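The values are calculated or read from the model by the stated rules, or taken from the named source; none is laboratory data. Everything numeric here is computed off the predicted structure, so don't read it as measured data. Note that we place each Cβ from the backbone using ideal geometry, even for glycine, and neighbour counts take in every protein chain shown.
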Amino acid sequence: MASEEHEIQKRIQVALSQHKCSVFRTNVGKVQTIDHRWFDTGLPQGFPDLMGFRWVDNQIFFIEVKSKTGKPRPDQIRFHEFLQAHNVIHGLARSEKDALMIVDGGLQGYGFN
């Protein structure tokens, strides 16, 4: 992830945590361990950067974090379509304001269109 996206992601995590939400950073992919074994995070390709739930109603949400010019990859679009088909709160956020709008509004697919 680009450093700019990482900074945005950290700010979003803080903002959502201060907004009566639990939020978790996710990691997707495989890495080789020091003893040369492969470790797979278990999450599918395209899984959003952040997931969490609202304390007010325990509704789960997913946030894909992008810079101002970042574009979703095809696997991220496929995951968005999957979440959209199941009416799950999710969206693409480029700022804390976007993330709060997605979560508070219960938006589905914000920023992907």
Original post:
Any chance region 48-65 includes a residue that's within 21 Å of residue 104 (Cα to Cα), modelled with pLDDT of 95 or more, among the small types (Gly, Ala, Ser) and surrounded by 15 or more Cβ atoms within 10 Å (Cβ to Cβ)?
Top reply: yes
Original post:
So which pairs qualify, if the first residue must be in region 2-22 and over 19 Å from residue 60 (Cβ atoms) and modelled with pLDDT under 95, the second must be assigned to a loop (DSSP other than H, G, I, E, B) and of a type in the set (Asp, Glu), the Cβ gap must be under 9 Å, and the two must be at least 6 apart or on different chains?
Top reply: 5/49
Subject >> Residue check, residue 77 modelled with pLDDT of 95 or more and of a type in the set (Val, Ile, Thr) >> reply: yes
**OP:** Provide a single number: the residues in region 66-94 that are touching a helix residue (DSSP H, G or I) at 6+ places or on another chain (Cβ under 9 Å) and either surrounded by 15 or more Cβ atoms within 10 Å (Cβ to Cβ) or within 16 Å of residue 24 (Cα to Cα) (or both).
**Re:** 11
Original post:
Among the residues of region 102-109, is any of a type in the set (Gly, Ala, Ser), within 17 Å of residue 12 (Cβ to Cβ) and under 11 Å from the mean Cα position of the chain (by Cα)?
Top reply: no
Subject >> Matching entry among 88, 65, 31, 14 (being β-branched (Val, Ile, Thr) and out of contact with any strand residue (DSSP E or B) (no Cβ under 8 Å at 6 or more places or on another chain)) >> reply: 14
Original post:
Which ones in region 55-85 are under 20 Å from residue 21 (Cβ atoms) and assigned to a loop (DSSP other than H, G, I, E, B)?
Top reply: 55, 56, 57, 58, 59, 66
Original post:
Take the residues of region 18-44 that are outside any strand (DSSP E or B) and touching a Gly at 6+ places or on another chain (Cβ under 8 Å): which is surrounded by the fewest Cβ atoms within 10 Å (Cβ to Cβ)?
Top reply: 41
